[in-house]
Each structure stands twice: as C-alpha cells, then as structure tokens.
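Colleague: To start, I am sharing the structure in question, which I have written as structure tokens.
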Amino acid sequence: MAKYLKKGRDADQVAADDAKIRTTVEGILGDIAKRGDVAVRELSAKFDGWDRDDFRLTDAEVRDCMSQLRNQDIDDIRFAQEQVRNFAQAQKEALRDIEVETLPGVILGHRNIPVQSVGCYVPGGKYPLLASAHMSVITAKVAGVQYIATCAPPFQGKPAPAIVAAQKLAGADVIYALGGVQAVGAMALGTQRIAAVDMLVGPGNAFVAEAKRQLFGRVGIDLFAGPTETLIIADEKGADAELCATDLLGQAEHGPNSPAVLLTTSERLACETIAEIERLLGILPTAEIARKAWEDYGEIIICADEDEMIREADRIASEHVQVMTANPDRFLRELRNYGALFLGSRTNVAYGDKVIGTNHTLPTKKAARYTGGLWVGKFLKTCTYQRILTDEASARIGAYASRLCMLEGFAGHAEQANVRVRRYGGRNVPYAHAAAIEAAE
C-alpha cells in the first residue's frame, strides 16, 4: 500500500476554506447582478486598487502597451501563438460534420457550430500570465467564434503591457483591464458597459473558479480550472532529485494553494528531493509563495511498483502529470485521469504552460476524471438534424414511434407519429387518444 512521506493539509480544512470562498463569491455575483457597473467599479477598487469609468481599453491604450515591449518580446509572443494556433487547427481538422443514411430514406447528421460570443479570463494579479491569452483567444478564433472579449486584472496599478499585447495579437475584439470575480461576473451577467457573453473560459484563482462554477448554466464554461496542480511520477532511472524538486517548485510558485505531489518507487529519490527542495527554496525568487504551497499542499507518496503509481495517479487525477520513469510510454497507455501528460525528462509543465502548443487551461480538483482541457471542441456545439426522404420511410419509423410512445403513456407524441402513418403510409391507424381511452376502459 502506498505510504506518505509528506502529506498536505487535512481534507476538512480544505473543505472549510472552499465553503468560505463559495459564500464570498455568491455575495459578489449577487451584487453585480443587482447594481451592475457600480458594483464592478467598487469591487475593482477594493480588490485591485483600480478604478476607472470604463474598463475597456482604448485603441490608443493598447498601442501604448505594445510599444513598451521589445521587438524580441513581440516575436516570442508571436512564436508561442503560432504553436497554439497550429495545434488548435490540427484539432479542428480532426472534427467533421457528418450525414449518414441509417435506413432507406432516413438521413441523420450533425454540424459543428461555433459558440457566438466568449469571454476569456486572463489571470494576472501576481504574475502577468500572458500565455492564457494565447490558449483561450486563439483557440476560440480557430473554432470560429464571432465575438471574443478578454479580461485581465491590472498589474502593479496599470494594464500589463505583455498581457495586452498577447490579447491584441491573438485577435481579441474587446480588451478590458478588469480582474477577479467582478470580471467573470460582468462578462457572464452583463452590465451597462460590458456585454454579456455566451461562454466563459480561462483559468484563475479559487475565487474565479468558484465564480465560474456558480455561473455555469447561465453561461457555458470550459471547465473548472482552479489553482494549478502538478503531479510528478518518477523513478531513479528516469529522474534525479534536482529535476523533481525544480519541477515541483516551478508549479508551486503559482500560488500558496497549488498542490505539488511526487509519486515514486524510490524512497532514496524522495528523501533527496525533499533536501533539494529546501536548497532551492533558499535561492528561488518566488520562494515565499512556493514554500507556502509546498508546506500546505505538497505531498510525497512512496509506491511499491509502477502498478501502484498508476492507481495512485488516477486517484489523484491531477491537472498536470509529468512522467520521468524508465518506461514513460506505459503511463501514456494506461493512465486515464489527467489534464495533460508530459512524458520524459526532456519536457516539463512549463513548456505546456507557455509555448509548446497544447492548451494549458486544464481540469483541476479531480475534474480530470470526466473532462479533458480546453480545446477547439469546447467552443463548438455538435448539433444534430434529421431528414426523411420518402413516404415509406416516414410510415415505417412512425409505426415504431407510435407504439413506443404509447408504452410511455404519451398519446400526443403517438399521434404525431400516427398522423404521418395515415398520411404517408395509407394505413387507417386509430387516433392515439382513442386508443388510450379504450385501454383505460
């Protein structure tokens, strides 16, 4: 049985924190629904120290932000966006509309129809996470979404130039300098100045994730993407302590509640990783945040063999799973619950987060048990249609439909079928309501 060399916070403590977040977010969303722009301004001033009459950036403000970046910065953003666009396009080409004749004269099909409007949230309170603009805006564009609005919080008291540039280059139609629950709430509910959208996408902190959860149904969402999670699966043949420690802390720096977990069959590697983490925390510029995340949410689990590591990994269902073992392909074949998989020591989560081309908006909090990450298909509605070409086919399907409807007691449904059997099949089928009365007597 797997044993814990280090364990994170107790599940009851985490649940209590989640309950507080739910209550806070519910109040904020209720305020936005009631007071609109006034509430949004007050919330932005309170949480971000940022207040203006209109949070939409003007063309001049966008140009000014882009002018603050070096040519190399712009080139790097364009390179990353090209990788995301290329992979998203390949994904879209794997989808197709279909039309098939399932019976003589019976045509069924489906079309992949883009969502009309999307609101993309780009986190940026602690760090200007411009990569989220690539992942959401470009993927929506490739899918064919007509209107895309973006929101990102101010960074150090003003719009973050790199985020604004990424949003503009990705093709956002409207760019707002607005963050937190007030941003996703305004885009979902609509205010006097901010148009409501049909769908919300993008990662965020625990409050943003909870806001999306509460807004789901009023609008669509991509998935529940809360605080970053990382799981490293390693053995002595695939990794060493430096790689494990670096990759754990590289994700722990996202925030103080970001889980970072090591699964290994080697107790020696586990102990060496703990020591290396302590060394790195002495020199890492983001050590204050990373240490808090590691102390509260970091875990090390010792497994007997690869079979047990696979079972534990599927139980944890982490957002990111990095495999550094002698045989990473086995995990590709057998793992079922993960947001994104990183195979071998040559790749890592940061590549996926920033530039390699796969989408970094991924399921957290065990949502990987039932969904994958953001991709072109999330922006498409697969809508079915049917057509019957002959009288014979309509009468044939109608006879079955009538009998099945009457099994359920739906006389009106049955009559929809019967009228077509009479009209197109030339059969004197009794009215469904008459048959129902006769059956009742």
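Colleague: Rounded to the nearest 500, what is the chain's calculated 222 nm mean residue ellipticity when only DSSP H runs of at least 4 contribute -39500 (n - 2.57) each, over all residues?
Modeller: -14500 deg cm²/dmol
Colleague: For Lys378, which aspartates and glutamates qualify as cross-link partners when the Cα separation must be under 18 Å and same-chain residues fewer than eight apart are set aside?
Modeller: Excluding near neighbours in sequence, the set is Glu93, Asp97, Asp198, Asp222, Glu319.
Colleague: Also, I was wondering about something else. Can you divide the C-alpha Rg of the stretch 1-97 by 2.2 N^0.38 Å and report the result to two decimal places?
Modeller: Output field value: 1.79.
Colleague: In addition: By how many nm would the segment from Phe47 to Lys34 grow when fully extended, if each residue of separation counts as 0.36 nm and the alpha-carbon distance is taken off?
Modeller: Values: separation 13, 0.36 × 13 = 4.68 nm, distance 1.91 nm.
Contour length minus Cα-Cα distance gives 2.8 nm.
Colleague: Just read off the accessible area of Thr273 with the full protein assembly in place, 1.4 Å probe, to the nearest 10 Å².
Modeller: 0 Å²
Colleague: Also, quick follow-up: Keeping all protein chains in position, work out how much accessible area Phe55 exposes to a 1.4 Å probe, and write it in Å² to the nearest 10.
Modeller: Phe55 exposes around 10 Å² with every protein chain in place.
Colleague: Please give the net charge around Asp48, taking every other residue with its beta carbon less than 13 angstrom from that of Asp48, where Lys and Arg add +1 and Asp and Glu add -1.
Modeller: Local net charge: +3.
Colleague: Kindly state, to the nearest 0.05, the FRET efficiency for Lys3 paired with Phe216, given R0 = 56 Å and r defined as their beta-carbon distance.
Modeller: That gives a FRET efficiency of 0.90.
Colleague: Give the Cα extents of the chain along the principal axes, in whole Å, largest first.
Modeller: Principal extents (Cα only, largest first): 87, 60, 42 Å.
Colleague: Ranked by accessible surface with a 1.4 Å probe, highest first, in what order do Thr390, Thr347 come?
Modeller: Largest accessible area first, the residues go Thr390, Thr347.
Colleague: Here's something else I'd like to know. If you rank Glu334, Glu392, Glu242 by how much accessible surface each has, with a 1.4 Å probe, what is the order from largest down?
Modeller: Glu392, Glu242, Glu334
Colleague: Gain in length, Glu26 to Thr286, computed as 0.36 nm per residue apart minus the alpha-carbon separation, to one decimal in nm?
Modeller: 90.4 nm
Colleague: Tell me, what % of the accessible area of the stretch 317-427 is carbon and sulfur with a 1.4 angstrom probe?
Modeller: Working: 3110 of 6020 Å².
C and S atoms contribute 52 percent here.
Colleague: Rank Met1, Gln91, Pro227 by how far each Cα sits towards the positive end of the charge dipole of the chain (+1 on Lys, Arg Cβ; -1 on Asp, Glu Cβ) and give me just the farthest.
Modeller: Of the listed residues, the answer is Gln91.
Colleague: What does the accessible area per residue of the chain come to in Å², with a 1.4 Å probe and no ligands, DNA or RNA counted? Walk me through the intermediate numbers first.
Modeller: Values: 21480 Å² over 441 residues.
So the chain comes to 49 Å² accessible per residue, rounded to a whole number.
Colleague: Right, something else. Can you give me the relative contact order of the stretch 310-441 as a percent, contacts being Cα pairs under 8 Å and 6 or more apart?
Modeller: This gives 17 percent for the stretch 310-441.
Colleague: With every protein chain kept in the model, how would you rank Ile397, Ile138 by accessible area, 1.4 Å probe, largest at the top?
Modeller: Ile397, Ile138
Colleague: Given labels modelled 7 Å from the Cα in the Cβ direction, how far is it in nm from Asn71 to Ala19?
Modeller: 5.9 nm
Colleague: Now for a different question. Taking all pairs of distinct Cα atoms, average 1/r, flip it, and tell me the Kirkwood hydrodynamic radius of the stretch 149-292 in Å to one decimal place.
Modeller: 17.5 Å
Colleague: List the pairs from Lys6/Lys212; Lys6/Lys292; Lys126/Lys237; Lys237/Lys354 whose alpha-carbon separation is above 25 Å, in the order I gave them.
Modeller: Lys6/Lys212; Lys126/Lys237; Lys237/Lys354
Colleague: Can you tell me what the convex hull of the Cα atoms of the stretch 55-195 projects to on average, as an area in nm²?
Modeller: Mean shadow area of the hull around the Cα atoms is 10.5 nm².
Colleague: Treat every Asp and Glu Cβ in the chain as -1 and every Lys and Arg Cβ as +1, leave all other atoms uncharged, and give the resulting dipole magnitude about the Cα centre to the nearest 20 debye.
Modeller: It comes to approximately 1340 debye.
Colleague: Below 8 Å between Cα atoms, with a sequence gap of 6+, how large is the relative contact order for the chain in percent?
Modeller: Once divided by the residue count of the chain, the mean separation gives 18 percent.
The values are calculated or read from the model by the stated rules, or taken from the named source; none is laboratory data. Fair warning: this is a prediction, and the values are worked out from it, not measured in the lab. So basically every Cβ, Gly included, is an ideal-geometry build from the backbone, and we count neighbours across all protein chains shown. Side chains included, ligands, DNA and RNA excluded: accessible areas come from the protein's heavy atoms. Shrake-Rupley method; radii C 1.70, N 1.55, O 1.52, S 1.80 Å.
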